[in-house]
DNA sequence: CAGCCTTTTTTGACTCGGTCAATTCTTCAT
DNA sequence: ATGAAGAATTGACCGAGTCAAAAAAGGCTG
């Protein structure tokens, strides 16, 4: 008789019992945390309570997650290095911008949570939590910009030894800026209760337009006042 | 007899004795903090020590600065709303991009610390501190992007009721991204020991080129691999 | 299946950032 | 001078995060 909450999730194949257990403990802690946070807010839940809910000690929580914030952010921050990777692994002849746009479009089609377009309740709970907790919102933005920026700029520089650091950094910020804005807009609509599948066509259209804007530049945008 | 460390700084004109005293206490605390941080690192100095060095109680420190981080960041974060303001107050017929570029160029010429181009020892100490303390680096980037982004996007939207939110956000991220990259490059050179006056011409040239890049777009940047 | 070795978990004590309520001290106006 | 208003201090408190050492559990060997 196996407790339903302990049911094997995805891909627990070649793992030893020990590793499976660790994995489940991590998930149990994470679920307890998100549930409590969603109910009462990030600041109103102490780590001790999370530990109690997950039936582990406070220390164990910190064993799995470096900080309280990481309970919310860690799953999202796995994607930090993705843009740089996409750029590095793109097909020859493909522009950096095309590679990033196409990857984003593919992720949209797959309803990848990283695009903000996802119906998964846990994902939405996390997004809502981030949006209503200033310190988390800041950190989310930071992960998507600052950290990813450094990595992408470094990758761009590595591929174009002639180009200067500043140029690489500007380009990186442009590309990640548009990505962040798109994601943020998708998240906003998910929070408003729209269904991912319904939003998809518009999200795709938005992505195409936004990347195109970066490609051909702002031009004389905003020349005329309100 | 007035202690030299209590000498009047800039613009203490129409202030009552009470307000002057407050001002000086704030500055004394801030100076003590930055000095200690510069000597031993942000994490290696406790708020209690800062309080002792400034000859106030720990509570008083928190009275003046909401958090330990704010001891370093508060002076920089005054500029958060600046871009939006520049956009709002620009001359009719001027594009958003031109307004921001020109303001940045003017700030460069004035060696405004916000551009990263400044020889002031206190400013350099703060910048060095931020660069070697991850949590501060994150927060700095956040102030220059996330917070400023929200404000600027709102301003852009307000001025162009026809334009959509997403477009405004993308544009804001592009404009602040380029600004952040420029500032960051300037800071890097100051930290390397270069003199602001010597760097200025190149900083101006960098700014012109980077803003121009945003204006005409990335085009097919990066089409060819390394 | 027994027992050792390694890894994980727990425990408890501790530091530090930050908050709160009540008290004392200082400045200002009458 | 004296009382009202504001600022600073005090001391107690909470929660996040760290550390060292003990306890428990999985994995491996005979």
Checklist outcome for this item: Proxy exposure order for A:64, B:146 (fewest C-beta within 10 Å first) is A:64, B:146
Checklist entry - Put the label 7 Å from Cα along Cα→Cβ for residue B:205; what are its distances to the other copies, in nanometres, shortest first? => result 4.6
Item to check | Spatial separation of Cα centroids for the range A:126-179 and the range A:43-68, in angstrom | outcome: 30 Å
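Restricting to Cα pairs below 8 Å that are 6+ residues apart, what does the relative contact order work out to for the range A:100-226? Please round to a whole percent.
Over the range A:100-226, the number comes to 35 percent.
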Checklist entry - If we hang a label 7 Å off Cα along the beta carbon direction at residue B:67, how far is it from the matching labels on the other copies, in nm, shortest first? => result 0.8
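Normalised by the residues of the range A:14-139, what does the relative contact order come to in percent, with Cα pairs under 8 Å and at least six apart?
23 percent
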Checklist outcome for this item: Stretched fully, the stretch from residue A:204 through residue A:47 gains (0.36 nm per residue minus C-alpha distance, one decimal, in nm) 52.6 nm
Checklist entry - Rounded to a whole number of µm²/s, how large is the Stokes-Einstein D of chain A at 25 °C and 0.890 mPa s, given Rh as the Kirkwood radius over C-alpha pairs? => result 125 µm²/s
Item to check | Nearest-first distances (nm) between copies at residue B:119, label 7 Å from Cα via Cβ | outcome: 6.4
Item to check | Whether the protein assembly as shown is rounded, prolate or oblate, judged on the alpha carbon gyration tensor where a/c under 1.5 counts as rounded | outcome: oblate
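For chain B, what does the relative contact order come out to in percent, with C-alpha contacts under 8 Å and a separation of six or more?
Relative contact order for chain B comes out at 19 percent.
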Item to check | In degrees, nearest ten, helix B:121-132 long axis to first principal axis of chain B (Cα) | outcome: 70 degrees
Checklist outcome for this item: Rounded to the nearest 10, the angle in degrees between the Cα long axis of helix B:165-191 and the longest principal axis of the Cα atoms of chain B comes to 60 degrees
Checklist entry - Which shape class, rounded, prolate or oblate, goes with the range B:76-131 when its Cα gyration tensor gives a ≥ b ≥ c as root eigenvalues, a/c under 1.5 marks rounded, and past that a/b bigger than b/c marks prolate? => result prolate
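Between rounded, prolate and oblate, where does the range A:29-145 land on the alpha carbon gyration tensor, with a ≥ b ≥ c its root eigenvalues, rounded for a/c under 1.5, else prolate if a/b exceeds b/c?
On the way: a/c = 2.70, a/b = 2.23, b/c = 1.21.
Because a/c hits 1.5 or more and a/b exceeds b/c, the range A:29-145 counts as prolate.
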Checklist outcome for this item: If the chain between residue B:110 and residue B:39 were fully extended at 0.36 nm per residue, the gain over the current Cα-Cα distance would be 22.7 nm
Checklist entry - What ranking of A:155, A:55, B:185 emerges when the number of other C-beta atoms within 10 Å of each C-beta is taken as an exposure proxy, fewest first? => result A:55, A:155, B:185
Checklist entry - Once the Cα atoms of helix A:196-216 and of chain A are each reduced to a long axis, what angle between those two axes, in degrees from 0 to 90 to the nearest 10, is obtained? => result 40 degrees
Checklist entry - Residues of B:142-149, mean number of Cβ from any other protein chain within 10 Å of their own Cβ, rounded to a whole number? => result 5
Item to check | Sequence of A:124, B:27, A:50 once ranked by neighbouring C-beta atoms within 10 Å, starting from the fewest | outcome: B:27, A:124, A:50
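Read-outs throughout are calculated quantities, based only on the coordinates presented, and are distinct from any laboratory measurement. Here the structure is a predicted model, which is why all the values come from computation and not from measurement. Reconstructed Cβ throughout: ideal geometry from the backbone, glycine too, with neighbour counts over all protein chains shown.
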